[in-house]
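Below: one structure, written as structure tokens.
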There are 2 protein chains.
Amino acid sequence: MTSPFGKHILAEYFECECTYLDSEPVIRELMLEAASISGSTIVGNIFHHFSPHGVTGVVVIAESHLAIHTWPEFRYASVDIFTCGTHLDPWAGFEYLKEKLQSRKSVSKEIIRGTTDEGFLDVSSYSGNVSSGQGALPLIQSRIRGM
Amino acid sequence: MTSPFGKHILAEYFECECTYLDSEPVIRELMLEAASISGSTIVGNIFHHFSPHGVTGVVVIAESHLAIHTWPEFRYASVDIFTCGTHLDPWAGFEYLKEKLQSRKSVSKEIIRGTTDEGFLDVSSYSGNVSSGQGALPLIQSRIRGM
């Protein structure tokens, strides 16, 4: 069985602490920490505060990305934690944010990325010297480490 | 029935044109154009080229974000197109990228964001003067326009 490219957590945090949701510096700090806690290697980030309220931000990591969009007026935030490689723990980031955003109700999904409908990584077009089985994972990890 | 916050398309593009997948300027241009074609308002972007190959990038839009991660060695790219508001067409961006990346096989999912398991936007914690029905959509649109 081939390895998937990554895990993508789609999270909805409801009933959050309003003050945090409208602060760009706090949200940036929380997202950077969530990335670190997940074991990610941070490459860069971009955050924006909207008028009259709301924060949007993305942390680009070597292993993909984390994103957040907040709606303080609804005490709600949507978060994506997309990580590749077996050494990361995106759910640790999810739990961290749930606690810090003081979300009393959350809904989350985990989607495996890089798969076909049959659930396998499609490496049929790979032109290198690797089998369609174990070879995929080491290649992905080498790409992740190289910055 | 309340309005969802947004549509999130998760796309897997297989069997793509390798030269494009490893070019940061080309991938950035394609993603900015995909954002425009979807009707988005671009706020900023961040792109990174990895060693030995691969591009990661995010376009932050007023209506959420677009993201891409490429694996040229697999001729594969994962893309997210997350947009809020009823005036956008994220699928137009999906089709544009499929054509430009020359992907011969793609898999995609559309996830509605901002919903509980029952499928409704949870506005029960909103403290403003709005009903839980029609009021949610105008509020979201006013947030989107204010930059």
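The values are calculated or read from the model by the stated rules, or taken from the named source; none is laboratory data. Predicted model, so just to flag it, every value in this text is computed and none were measured. All Cβ positions, glycine included, derive from the backbone under ideal geometry; neighbour counts span all protein chains shown. Quick note on the areas: whole protein, heavy atoms, side chains included, nothing else; ligands and nucleic acids left out. Shrake-Rupley method; radii C 1.70, N 1.55, O 1.52, S 1.80 Å.
What relative contact order, as a whole-number percentage, does region A:31-121 give when Cα pairs under 8 Å and 6 or more residues apart are counted?
23
Express in Å², to the nearest 10, the accessible area of residue A:109 obtained by rolling a 1.4 Å probe over the protein heavy atoms while all chains stay in place.
Answer for residue A:109: close to 80 Å² accessible.
When you look at the Cβ of every residue in B:103-112, what mean number of other chain Cβ atoms sits within 10 Å? If you can, show how the numbers build up before the last one.
Details: counts 0, 1, 4, 1, 7, 0, 1, 0, 4, 0.
That works out to 2 on average.
If I take every Cα pair under 8 Å that is 6 or more residues apart in region A:51-103, average their sequence separation and divide by the length, what percent do I get for the relative contact order? Mind dumping the intermediate values first?
Numbers: 60 pairs, mean separation 12.9, N = 53.
Over region A:51-103, the number comes to 24 percent.
Using only alpha carbons, build the gyration tensor for region B:43-108 and give me the equivalent ellipsoid semi-axes, biggest first, whole Å.
Rounded to whole Å, the semi-axes are 22, 16, 7.
Using the Cα atoms of region B:3-97, I'd like the radius of gyration and the largest Cα-Cα distance, Dmax, both in angstrom.
Rg, Dmax (Cα atoms, Å): 12.8, 44.
Label position 7 Å from Cα toward Cβ: report the copy-to-copy distances for residue A:104 in nm, one decimal, ordered from shortest.
In ascending order, 5.6 nm.
Which order do you get for A:28, B:75 if you rank them by accessible area with a 1.4 Å probe, largest at the top?
Final ranking, largest accessible area leading: A:28, B:75.
Under 26 Å Cα-Cα from residue B:109, which lysines qualify once same-chain neighbours fewer than 8 residues away are excluded?
A:7, A:98, A:105, A:109, B:7, B:98, B:100
What nm distance separates the two modelled labels at residue A:95 and residue B:107, each placed 7 Å from Cα along Cα→Cβ?
The answer from the label model is 2.9 nm.
For residue B:91, what accessible area in Å² do you get when you roll a 1.4 Å probe over the heavy atoms of the protein chains, rounding to the nearest 10?
It works out to around 80 Å².
Under unit Cβ charges (Lys, Arg +1; Asp, Glu -1), what dipole magnitude, rounded to 20 debye, does region B:22-95 have relative to its Cα centre? List each step's numbers first, then the result.
Details: 2 positive and 9 negative charges, 21 e Å.
Using only the charged Cβ atoms, the result is roughly 100 debye.
Chain pair A, B: how much accessible area is buried, both chains summed, with a 1.4 Å probe, in Å² to 100?
Counting both chains, the buried surface is close to 4900 Å².
Between copies, how close do the residue A:48 label points come, placed 7 Å along Cα→Cβ, listed in nm from shortest?
2.0
When only C-alpha pairs under 8 Å and at least 6 residues apart count, what is the relative contact order of region B:1-62, in percent?
29
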